[in-house]
Structures are given as C-alpha cells and as structure tokens.
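Trainee: Questions regarding the structure given below will be posed in turn.
Every number here is computed from the coordinates shown, using simple stated rules; none is lab data. The structure displayed is predicted, hence computed values, not measured ones. Here the Cβ is made from the backbone with ideal geometry for all residues, glycine too, and neighbour counts use every protein chain on show.
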Amino acid sequence: MLHIYRQVSGLREFDTFVITKERRSEERFPFEPVEIHGKVRSNFIRRFWLKYIKKEPAIVYRGEYRVLEQALQKHQADLMHVYFGHTGVHLLPFIKRWDRPVVVSFHGMDVQPREDQPGYVDRLRDLLQTLPMVMARSESLKQRLIDLGCDESKIRLNRTGIPMEGFPVVERPAPEGGEWRLMQACRMVEKKGLDDTLQVFADLVKDYPKARLVLAGDGPLMEQTQSLAKELGIGGQVDFPGFLSSEQLRDLYHQAHIFIHPSRITEDHNQEGIPNAMLEAMATGLPVVATLHGGIPEAVKQGQTGLLVEERDREGLLQQVKRLIEDDEMRQQMGKAAAASMREDFEQSAQVARLEGYYQELLDTGKGAQGGGQ
C-alpha cells in the first residue's frame, strides 16, 4: 500500500528490509531487500509431531515460525514493525517468544471483529496486552484500541506522510459555464460511501447540468458503482479512470474543484483511519466535503479546510457541496487553508522522523514482548 511504502522507503536513520508472502507492482514500489516467503513446505512427520504431540500453534507447525526466525537472524534484526493488526494476531505466538521489540500498527479495517475467525477478538486483546508499543493512524483508532483493552501509554500516533513536493498547490478559479468537477479517489469498498457520492452528484446535476464527477480507484464494488451511475442517469457524466499512479492522481486533483469523501462505518465495524487520497487532494489546495467518520475530522478542520456532515447524510453533503460552489471566496480560502494544514501536520519527512523516534524509543527501553526476553 502506498502510504506504507512511503514510510518504509523514507527511513533514514534505520536500515530495513521487508518480509512478505507476495510482492506486487514491483515497478511502482521499487525497494530492496525484500524476503518473499510464500507457501512454506514442512515435513509431514515434523508437522504431525508439532501439531498433535507438542500442541503448537499453526504458525509453528506449518513452518512459518522457523522461516520468519531465520530471516530475522539473517538480517540481524533489532526490531520488527508489523503492519496491520490482523497480521500481528497471526504472528502472536512468534511475538511472544521473540526476545526483541515488536510494534504493530493499526490502520482501520484491522480493528473490526471477524465472524469467520472464532476467538479473534480475544487474540487481538492478547496481542495488545503483549506488545510493548502499538501504533494507530488516528485518534479514533487509538480510542478503539483503548476500548479493546490496550494501555493508552503504549499507543503512539503514526500519521500518514505525504511528499508535498509531489502535490503542489494550484489556483482553482470558478469554471466557465458551470463545468464543476468533483472528485473522489479510493478503493471501491463499502466504507467509502460511493453510493452516497453518486446520489449526491445525481441531485447536484439538476442545478449544475454540466458538472462532472471523477471516481478514481478500483476494487470489488467497481461494477456495482458503474451500474448505479447508469441507473441514476449520470453514467455519461461520471468518469472511472481506475487505479492510477500518484502523478496521474495529482493531475486529476489539479483539475478538480471539490474533493468528496462520504466515509461511513460498516455493519462489521470496518472504519477509516485517515484516507490517504484525501490528504493528497488537500495538499494541492482542494477543499473537502466529507463525513464525521474515523480520523477524517482530525485532518479536515470543520469550516476551515473543509465541511463535514454526519455519516449517510446525503442531503447534508449536497448542501455543503452547493455551498462551496456558490461561495467563491470560501472555496478559495478553504483550499489555501487545506494546503497549509497538510504541510504543517502531514509532511512526509517529519512523519518518518517521528516514526524513527518511536523505533529508537523501543530500542532504548530494550523491551520485548510482555513476559519475553530483554
């Protein structure tokens, strides 16, 4: 994921390597060294002995434990950063036995219950008790971790960092002829509120018939979203460019007038941290209309850098979009304030330096997992 790649590749005070089961888009995310460990082969007799005689957890009898241990020894690792809470839960038996510090960062979907995994929440709580440090992308995720029993003193905010030089600010005068351009960029999943975006836009074009909407990104709801646009009679005014590079997204941000992002919590409690694309858009001076959801209010200052409404409030979203369209001075001032706010709070090098400070804090304390070695 792009925000993770920016962190890993941005480290300056620490040498790092990546362990993963699969590598994708290598040309887009160049990085070395990467240890790829897909399906692990294990001896049947050894596996039987570990599973049924020793009663070891799956990560041990399947051979993953040994592979991970060997990779960490090979690179003489002093610390391990596990991205995503569910991966931390999977690696919990290793984390408990390794004698060096481990930190797990949470990003949003990894704090939700998993009905297909009995006992998952209990293991998640165990993980939070075991770790010497936990990271969260937003204050809302921090509170969720506290609700799950995590000691607040362990939690550190790990903000998304944006390379501001890649998203320069541009002026956006009101378009001639009412050709307003709205934009949303995201993975096409339920929590992004794409159906709300389309309904709001369908109502907007009744007053601004030349308006256009760009929905950039891909995901499981792509076909459903495209079908809904046709059903609403706006298929010809909605563009679906698919998955784009940072440079292509930047160009679309520059062409847009308003960024819309009506995120919402799902029935299975999936929620946002702070949407990465929203931060990029704001960095270019694009004002935001979004929802009071997850970490969004931590990045969008109500009435200053954008306008926020309750989740699923389509009428409220529509009125706030119209408000920005109709008030040129407000729109311009919010865009400038958004760009300035991003540079103050989300600049990439500053966030990476903060992350490295957390790593050093762990190394200085010498803490491994609770009950582990020192």
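Trainee: Over all alpha-carbon pairs in the chain, figure out the percentage whose distance exceeds 37 Å. Could you put the intermediate results ahead of the total?
Mentor: Numbers: 18665 of 69751 pairs.
Here the tail beyond 37 Å accounts for 27 percent of pairs.
Trainee: Right, another one. Treating only the Cβ atoms of Lys and Arg (+1) and Asp and Glu (-1) as charged, compute the dipole magnitude of region 261-374 about its Cα centre; round to the nearest 20 debye.
Mentor: Roughly 100 debye, rounded to the nearest 20.
Trainee: Still on this structure, please answer the following. So how do 307-319, 230-242 stack up, highest first, on mean other-Cβ count within 10 Å?
Mentor: Per-residue Cβ counts within 10 Å, averaged per peptide and sorted highest first, yield 307-319, 230-242.
Trainee: What is the sum of charges, Lys and Arg at +1 and Asp and Glu at -1, for the other residues whose Cβ falls under 13 Å from the Cβ of Leu232?
Mentor: -1
Trainee: Mind listing the Cα extents of region 207-303 along all three principal axes, in Å, largest one first?
Mentor: 35, 34, 31
Trainee: I would also like to ask the following. Considering the dipole of the chain built from charges on the beta carbon (Lys and Arg +1, Asp and Glu -1) around the Cα centre, which of Gly63, Ala136, Gly285 is farthest to its positive end?
Mentor: Selected residue: Gly63.
Trainee: Sorting Thr305, Thr291 on the 10 Å Cβ count, fewest up front, what's the list? The partial results should precede the final answer.
Mentor: Working: Thr305 22, Thr291 25.
Ranked by crowding around the Cβ, least crowded first: Thr305, Thr291.
Trainee: Round to the nearest 10 and give me the degree value, 0 to 90, for the angle of helix 246-255's Cα axis relative to the longest principal axis of the chain.
Mentor: 20 degrees
Trainee: Most exposed first by the Cβ proxy, i.e. fewest other Cβ within 10 Å, how do Asp110, Asp99 rank?
Mentor: Placing the least packed residue first, the sequence is Asp99, Asp110.
Trainee: Tell me what the chain gives for mean residue ellipticity at 222 nm when only DSSP H runs of n ≥ 4 count, each as -39,500 (n - 2.57), the sum divided by the residue total, rounded to 500 deg cm²/dmol.
Mentor: Numbers: 16 runs with 153 residues, N = 374.
That comes out to -12000 deg cm²/dmol.
Trainee: About the Cα centre of region 56-161, how large is the charge dipole given +1 on each Lys and Arg Cβ and -1 on each Asp and Glu Cβ? Please answer in debye to the nearest 20.
Mentor: With only Lys, Arg, Asp and Glu charged at Cβ, the dipole is about 260 debye.
Trainee: Sorted by average packing, counted as other Cβ atoms within 10 angstrom per residue and highest first, what order do 25-32, 222-229 take? Write down the numbers at each step before the final one.
Mentor: Numbers: 25-32: 10.1, 222-229: 16.2.
Top to bottom by mean Cβ count within 10 Å: 222-229, 25-32.
Trainee: Which lysines, on any chain, are close to Lys154 with Cα under 24 Å apart, when same-chain ones fewer than 8 places away are left out?
Mentor: Lys96, Lys142, Lys367
Trainee: Any chance you could list the semi-axes, whole Å, largest first, of the equivalent ellipsoid that the Cα gyration tensor gives for region 251-319, using √(5λ)? Walk me through the intermediate numbers first.
Mentor: Details: eigenvalues 77, 37, 24 Å².
Equivalent-ellipsoid dimensions as semi-axes: 20, 14, 11 Å.
Trainee: Give the calculated FRET efficiency between Ile53 and His269 to the nearest 0.05, with a Förster radius of 41 Å applied to their Cβ-Cβ distance.
Mentor: After rounding to 0.05, the efficiency reads 0.60.
Trainee: Still on this structure: Could you work out the pair-distance distribution P(r) of region 126-225 from its alpha-carbon pairs, with 10 angstrom bin width and percents rounded to whole numbers?
Mentor: Binned Cα distances yield the sequence 12, 25, 27, 23, 11, 3, 0.
Trainee: Moving on to the next point. Sort the following peptides by mean Cβ neighbour count (other Cβ atoms within 10 Å, averaged over residues), highest first: 197-209, 351-363.
Mentor: With the highest mean Cβ count within 10 Å placed first, the list reads 197-209, 351-363.
Trainee: Follow-up. With label points built 7 Å along Cα→Cβ from the Cα atoms of Gln255 and Arg343, find their separation and express it in nm.
Mentor: Between Gln255 and Arg343, the simple spin-label model gives 2.6 nm.
Trainee: Suppose R0 equals 22 Å; then what is the FRET efficiency for Asp207 and Met330 from their Cβ-Cβ distance, rounded to the nearest 0.05?
Mentor: E between Asp207 and Met330, to the nearest 0.05, is 0.80.
Trainee: Rounded to the nearest 0.05, what FRET efficiency do Ser153 and Asp239 have when you use their Cβ-Cβ distance and R0 = 56 Å?
Mentor: Working: r = 47 Å, r/R0 = 0.85.
Rounded to the nearest 0.05, the efficiency is 0.75.
Trainee: Compute, for region 164-346, the length of the dipole vector about the Cα centre, with Cβ point charges of +1 (Lys, Arg) and -1 (Asp, Glu) only. Units Debye, rounded to 20.
Mentor: With Lys and Arg at +1 and Asp and Glu at -1, about 220 debye.
Trainee: Something else now. Which number comes out as Rg/Rh for region 164-346 once both Rg and the Kirkwood Rh are worked out on C-alpha atoms?
Mentor: On the way: Rg = 14.8 Å, Rh = 16.0 Å.
My calculation puts Rg/Rh at 0.92.
Trainee: What length, rounded to one decimal in nm, is gained on full extension from Glu27 through to Leu2, with 0.36 nm per residue of separation minus their alpha-carbon distance?
Mentor: Residue separation times 0.36 nm, minus the Cα-Cα distance, leaves 7.7 nm.
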